[in-house]
1. Please work out which residue is modelled with the lowest pLDDT, limiting yourself to segment 1-28 and to residues that are of a type in the set (Gly, Ala, Ser) and surrounded by 11 or more Cβ atoms within 10 Å (Cβ to Cβ).
2. Search segment 48-73 for residues being in a strand (DSSP E or B) and of a type in the set (Ser, Thr, Tyr), and hand back the single one that is modelled with the highest pLDDT.
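The values are calculated or read from the model by the stated rules, or taken from the named source; none is laboratory data. The structure presented is a predicted model; accordingly, all values stated were derived computationally and were not measured. Here Cβ is always computed from backbone atoms with ideal geometry, including for glycine, and neighbour counts include all displayed protein chains.
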Amino acid sequence: SCFCILIANTIFCLDRDIYYSDTQLFGSQTIVDNIINDISCMLKIPRRSLHILSSTKGFVAGNLSYTEEDGTKVHCSCSAT
């Protein structure tokens, strides 16, 4: 299934990606969200553990900074990257 592939390969996707993979099957984004929430609840794990994100990947803002693997320092409060 889609979930097994995501988890086994440590790939993340958006809930919108799942919806658009087969819009006729799911019918609406709300149905996909409810299915993901039901699976998460049934397994007693957070959505992130299913490798499904509910927002755009990579958006960060606020008083946070981190260092990339190459040593580059990123300050999220003053950058749109």
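1. Ranking the qualifying residues of segment 1-28, first place goes to Ser21.
2. Thr67
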